[in-house]
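Undergrad: Got a structure for you, written out below as structure tokens; questions coming shortly.
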Amino acid sequence: MPKVTSKKKFRYGSVSVLLTVAVVAAAILSNAIVTALAMRYGWFINMNPDYLYPVTETCYDFLDTYVIPETKNGKKIEIIFCDDEKAILADSTQMFIHNTATELFEAYPDTVEISYINVWERPKLARSYGVSASTDVVVKCGDDFRVCTLRDFFTFSASDSSTPLAYNGEKRLAVAMKAVVTPDAPVAYFTLNHGESSPDYSLMYAATDAGYMVNFLDTLSFDIPEDCGLLITYNPAQDFTTVDGVSGYSEIDKLDAYMKKGGKYMVFVSADTFSAGGFQNLENYLATWGVTFDHKTGAEDIEECNAIRDLSHALSTDGYTLVGKIPDSGKAAEIMADIKGTIRLSNTTAITPAEGYTDNGNGSFVKDGYTMTPLLTSYPGAEAWAGGRAVDRTTTGYNFVTLTSHAESASYLLACTSTDFASESSMQSGIYDNGPFLLTAIGAMGKTDTPVNMTSQPFAESRIYTLTTTNARYITIALVSIPAVICLGAGLIILIRRKFA
């Protein structure tokens, strides 16, 4: 009898195993077939079938506050499409912009109007506006106008400049509308003559979004103009001059005079900026504002700059492309309360409060009327590497972006330790919050009419950009362990039921 029972259990067990294998194989095969057919014939469910991106309340609030009040006395804002209306409506891409313009016209019929010109039939008019393509859009008020190209209305990946990630139409039109009703807008000047370099135009676009005109300035040859609302130094390779045996002109004196009159200054550096040595003149001036960058002369008189690495909060396998952290409390948390997304930085160094600056207990450091506030830091546990070795480890967080204010002059200085922070790959607002973060910081510097919360509206996207190495490790463990635990539990239940059947 035991022999027969054993054969029966063996037979039932074999059938169960074969049936399980067959079901799993059928599921895998069916999934592979359906996936192949879906990719071949486009079997996808469109969750947004009409791709409608209505104008948000944030945009209307911005226009109601900063644009519409400036259009009194019969002023009209004209949105001009540079082709025939039929051609615009027939183009699926330009339809996005046309829909947004139509909604603005319907919301403000006494202020906004839409018109169409065929730039090929009227080339003289096209030249007067500086239009270069029939896909351009002109926003005009009186004699002032702005030209927006088709690419201005979308955001793209740094690795794919042809496929848009998100639609940026309401923000682009709102910024252009504000610009044409305030023709005497302040200018953001980018410094020249120090080997500055910029990988793309993202930082200039951010300055434009904040309501500045953009220009360039050789601070060695020219004084800082009266219309300068913001001065920006991005990735310098050489020091600023002072009056000495080499130079009879002092850029530092010009910068200091500008700041004493309520100036606003931004400086962007990286871990590579000081690889050939420090910038004594500029760094001495920045120390007045509480900013010292973490680099020093190491062994064999080689300059070593700390590069921050954090394998637990990184977006790259080497740990040098990081996720920044906004402080949880204090003044920085108050300033950045609306920023909830991911802030991306890479090749980042750190800022240490300058000598004499003391903690005021609110997350800021103070000295002689200056208040330096770290707005963005690393997570605790990050390491500083220099000369090919780990030289420090933080228990609180390294400072990445700081904002210093001076109470008496109402001037501001923002220092950022990553040039990648303002690159195209980081400023895509459909992916990261670097753009809104920077606009919020500009707002904290006194430029309150910035479109901070007008973010791009993303298209369907299958890639994950903000998954840190720690999160990826947790997901991997979960995907490996959960099915195994389920199978083990099911197997134990079957064995117990058979034993006592």
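The values are calculated or read from the model by the stated rules, or taken from the named source; none is laboratory data. This structure is a prediction, so every number in the text was calculated from the model and none was measured. A quick note on method: Cβ atoms are made from the backbone with ideal geometry, for glycine too, and the neighbour counts reach across all protein chains shown. Remember, those area values only see protein heavy atoms, side chains included, never the ligands or the DNA or RNA. Shrake-Rupley method; radii C 1.70, N 1.55, O 1.52, S 1.80 Å.
Undergrad: Can you say whether I114 is more than 20 Å from M213 (Cβ to Cβ), in contact (Cβ under 8 Å) with a residue 24 or more places away in the chain and surrounded by 20 or more Cβ atoms within 10 Å (Cβ to Cβ), as far as the supplied structure shows? Before the answer, list the steps.
TA: Details: more than 20 Å from M213 (Cβ to Cβ): yes; in contact (Cβ under 8 Å) with a residue 24 or more places away in the chain: yes; surrounded by 20 or more Cβ atoms within 10 Å (Cβ to Cβ): no.
No: the conditions fail for I114.
Undergrad: A follow-up question, please. Just need a number here: residues in the stretch 393-439 that are touching a helix residue (DSSP H, G or I) at 6+ places or on another chain (Cβ under 7 Å) and among the basic types (K, R).
TA: Of the residues in the stretch 393-439, 0 are touching a helix residue (DSSP H, G or I) at 6+ places or on another chain (Cβ under 7 Å) and among the basic types (K, R).
Undergrad: Here is a further query. Has the stretch 342-364 got any residue that is hydroxyl-bearing (S, T, Y), touching a Pro at 6+ places or on another chain (Cβ under 9 Å), free of Cβ contacts under 8 Å to residues at least 40 places away in the same chain and at negative phi?
TA: Of the residues in the stretch 342-364, the ones hydroxyl-bearing (S, T, Y) are 342, 346, 348-349, 352, 357-358, 364.
Subsequent filtering for residues that are touching a Pro at 6+ places or on another chain (Cβ under 9 Å) retains 364.
If we keep only those that are free of Cβ contacts under 8 Å to residues at least 40 places away in the same chain too, we end up with 364.
Subset that is at negative phi: 364.
Checked the stretch 342-364: at least one residue is hydroxyl-bearing (S, T, Y), touching a Pro at 6+ places or on another chain (Cβ under 9 Å), free of Cβ contacts under 8 Å to residues at least 40 places away in the same chain and at negative phi.
Undergrad: Being assigned to a strand (DSSP E or B) and surrounded by fewer than 21 Cβ atoms within 10 Å (Cβ to Cβ), is that true of even one residue in the stretch 188-203? Give the derivation first.
TA: Filtering the stretch 188-203 down to residues assigned to a strand (DSSP E or B) leaves 188-192.
Narrowing the set further to residues that are surrounded by fewer than 21 Cβ atoms within 10 Å (Cβ to Cβ) leaves 190, 192.
For the stretch 188-203, residues assigned to a strand (DSSP E or B) and surrounded by fewer than 21 Cβ atoms within 10 Å (Cβ to Cβ): present.
Undergrad: Continuing with the same structure: Quick check: anything in the stretch 152-171 surrounded by fewer than 18 Cβ atoms within 10 Å (Cβ to Cβ) and within 30 Å of D223 (Cβ to Cβ)? Outline the logic, then answer.
TA: Initially, the stretch 152-171 is screened for residues surrounded by fewer than 18 Cβ atoms within 10 Å (Cβ to Cβ), giving 156, 158-163.
Narrowing the set further to residues that are within 30 Å of D223 (Cβ to Cβ) leaves none.
Checking the stretch 152-171: not a single residue is surrounded by fewer than 18 Cβ atoms within 10 Å (Cβ to Cβ) and within 30 Å of D223 (Cβ to Cβ).
Undergrad: Considering only the stretch 242-260, I want to know if a residue exists there that is in contact with a strand residue (DSSP E or B) (Cβ under 6 Å, 6 or more places away or on another chain) and closer than 21 Å to V401 by Cβ. It would help to see each step written out before you state the result.
TA: So the first thing to find is which residues in the stretch 242-260 are in contact with a strand residue (DSSP E or B) (Cβ under 6 Å, 6 or more places away or on another chain), and the list is 259.
This time we only want the ones that are closer than 21 Å to V401 by Cβ, so: 259.
Within the stretch 242-260, one or more residues are in contact with a strand residue (DSSP E or B) (Cβ under 6 Å, 6 or more places away or on another chain) and closer than 21 Å to V401 by Cβ.
Undergrad: If you don't mind, another one. Take the stretch 255-274 and flag every residue that is in contact with a Ser or Thr (Cβ under 6 Å, 6 or more places away or on another chain) and not in a loop (DSSP other than H, G, I, E, B).
TA: M259, K260, V267, F268
Undergrad: Would you tally the residues in the stretch 216-228 being outside any loop (DSSP other than H, G, I, E, B) and either among the hydrophobic types (A, V, I, L, M, F, W, C) or surrounded by 21 or more Cβ atoms within 10 Å (Cβ to Cβ) (or both)?
TA: At the first step, the residues of the stretch 216-228 found to be outside any loop (DSSP other than H, G, I, E, B) are 216-218, 228.
Narrowing the set further to residues that are either among the hydrophobic types (A, V, I, L, M, F, W, C) or surrounded by 21 or more Cβ atoms within 10 Å (Cβ to Cβ) (or both) leaves 216-217, 228.
Qualifying residue count for the region: 3.
Undergrad: Can you find, within the stretch 320-338, the residue that is most open to solvent (accessible area, probe 1.4 Å) among those that are within 16 Å of T440 (Cα to Cα) and in contact with a strand residue (DSSP E or B) (Cβ under 7 Å, 6 or more places away or on another chain)?
TA: This residue is K331.
Undergrad: Which of (1) out of contact with any His (no Cβ under 7 Å at 6 or more places or on another chain); (2) hydrophobic (A, V, I, L, M, F, W, C); (3) in a loop (DSSP other than H, G, I, E, B) does A179 not meet, given it meets every other one?
TA: All conditions are met except number (3).
Undergrad: Touching a strand residue (DSSP E or B) at 6+ places or on another chain (Cβ under 9 Å), polar (S, T, N, Q) and modelled with pLDDT under 95 - does that describe any residue in the stretch 432-439?
TA: yes
Rundown of residues vs (1) farther than 29 Å from Y189 by Cβ; (2) in a loop (DSSP other than H, G, I, E, B); (3) open to solvent by less than 40 Å² (accessible area, probe 1.4 Å), yes/no style:
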| site | (1), (2), (3) |
| --- | --- |
| A276 | no, yes, no |
| E304 | yes, no, yes |
| I308 | yes, no, yes |
| D318 | yes, yes, no |
| K340 | yes, yes, no |
| L345 | no, no, yes |
| E355 | yes, yes, no |
| M372 | no, no, yes |
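Undergrad: Determine which single condition G245 fails, assuming it passes every other condition in (1) modelled with pLDDT of 85 or more; (2) out of contact with any Asp or Glu (no Cβ under 9 Å at 6 or more places or on another chain).
TA: With respect to (1) modelled with pLDDT of 85 or more; (2) out of contact with any Asp or Glu (no Cβ under 9 Å at 6 or more places or on another chain), G245 is out only on (1).
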